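Below is one structure, written out as structure tokens, with a few remarks after it.
The values are calculated or read from the model by the stated rules, or taken from the named source; none is laboratory data. Just so we're clear, the structure is a prediction, and the values are computed from it rather than from any experiment. Note: ideal-geometry Cβ built from the backbone for every residue, glycine included; neighbour counts use all protein chains shown. What goes into the accessible areas is simple: the full protein's heavy atoms, side chains included, and nothing from ligands, DNA or RNA. Shrake-Rupley method; radii C 1.70, N 1.55, O 1.52, S 1.80 Å.
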Amino acid sequence: DAKTTQPPSMDCAEGRAANLPCNHSTISGNEYVYWYRQIHSQGPQYIIHGLKNNETNEMASLIITEDRKSSTLILPHATLRDTAVYYCIVRVPTSGGYQKVTFGTGTKLQVIP
Amino acid sequence: NAGVTQTPKFQVLKTGQSMTLQCAQDMNHNSMYWYRQDPGMGLRLIYYSASEGTTDKGEVPNGYNVSRLNKREFSLRLESAAPSQTSVYFCASSSRDRVSRVSYEQYFGPGTRLTVT
């Protein structure tokens, strides 16, 4: 799996968009970008994933650069409940067998009132 | 739809005691996983079950056993607990795309906080 680099921490004002960057310069052609988050004392929560096109769901948007070497997770209107550690993971989804999710250190997002 | 549920939420054991952590999912997922999370170390895979009837070791299986009771349930047993097993344990499950058979995201339970004294 490709290595990812994320800033250790970020602040965002409540109601504003939170833009969380992730660098994955060694990503290979068949590797997807996944985002998870972990709110304090809770289990990790899947947010979104993508291959090369931008993706949007009810939680967030994922913007992947054309060369796929970096991506940005966007929470359009951050709330206090979005305070969490956000993990960017790059891996090939498996067919059959298992998929071990390896979490790095992530970005601790603090949403400020 | 409760997703992934785990019991108990908290447990304190003495060294040498045994216990079983329970996990169930109601999403009809094929694959299930057990992770442990220690401060500053991220998630480490203990055991996984790719499908009903199969189990395999992950990164840190020593001291643990698992049972895939049916498609819904995957339990983790500590036969003789040790202080090094003090951790937060997460169960997760994942499905496969019906056409491509590719697995994508994992869904995690709320965790069991285990302390071994």
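The table for this structure:
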read-out: Neighbours by Cβ (under 6 Å, 6+ apart or cross-chain): first from region B:52-69, assigned to a strand (DSSP E or B); second β-branched (Val, Ile, Thr); value: B:Tyr64/B:Ile46; B:Val66/B:Thr55; B:Arg68/B:Thr55
read-out: Residue satisfying condition, being open to solvent by 10 Å² or more (accessible area, probe 1.4 Å) and more than 28 Å from A:Pro8 (Cβ to Cβ), within set B:Val60, B:Val88, B:Val4; value: B:Val4
read-out: Lone qualifier among B:Asp38, B:Asp26 - being charged (D, E, K, R) and closer than 15 Å to B:Gly109 by Cβ; value: B:Asp26
read-out: Those residues of region B:62-83 which are under 18 Å from B:Ala24 (Cβ atoms) and of a type in the set (Gly, Ala, Ser), in sequence order; value: B:Ser67, B:Ser75
read-out: Any hit, region A:6-21, residues being over 23 Å from B:Leu45 (Cα atoms), open to solvent by 80 Å² or more (accessible area, probe 1.4 Å), within 14 Å of chain B (Cβ to nearest Cβ) and in contact (Cβ under 8 Å) with a residue 24 or more places away in the chain; value: yes
read-out: Residue list for region B:34-57, restricted to those being open to solvent by less than 50 Å² (accessible area, probe 1.4 Å) and of a type in the set (D, E, K, R); value: B:Arg36, B:Asp38
read-out: Selected residue [in a loop (DSSP other than H, G, I, E, B), over 30 Å from A:Pro8 (Cβ atoms) and touching a residue at least 40 places away in the same chain (Cβ under 8 Å)] from B:Gln22, B:Gln17, B:Gln11; value: B:Gln17
read-out: Criterion: facing another protein chain (nearest Cβ under 9 Å), over 12 Å from the mean Cα position of the chain (by Cα) and within 19 Å of A:Gln45 (Cα to Cα) - qualifying residue of B:Gly40, B:Gly3; value: B:Gly40
read-out: Members of region B:85-103 that are out of contact with any Leu (no Cβ under 8 Å at 6 or more places or on another chain), at pLDDT 70 or above and either outside any strand (DSSP E or B) or at the interface with chain A (Cβ under 8 Å from one of its Cβ atoms) (or both); value: B:Ala92, B:Ser94, B:Arg96
read-out: Members of region A:32-49 that are under 15 Å from A:Tyr87 (Cβ atoms) and not aromatic (Phe, Trp, Tyr); value: A:Val33, A:Arg37, A:Gln38, A:Ile39, A:His40, A:Gln42, A:Gly43, A:Pro44, A:Gln45, A:Ile47, A:Ile48, A:His49
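Each row is one residue, and each column tells you yes or no for (1) loosely packed, with under 13 Cβ neighbours inside 10 Å; (2) away from every other protein chain (no Cβ under 13 Å); (3) closer than 22 Å to B:Ser93 by Cβ; (4) without any contact (Cβ under 8 Å) to a residue 60 or more places away in the chain.
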position	(1), (2), (3), (4)
A:Glu31	no, no, no, no
A:Trp35	no, no, yes, yes
A:His40	yes, no, no, yes
A:Ile48	no, no, yes, yes
A:Glu58	yes, yes, yes, yes
A:Ser61	no, yes, no, yes
A:Glu66	yes, yes, no, yes
A:Ser71	no, yes, no, yes
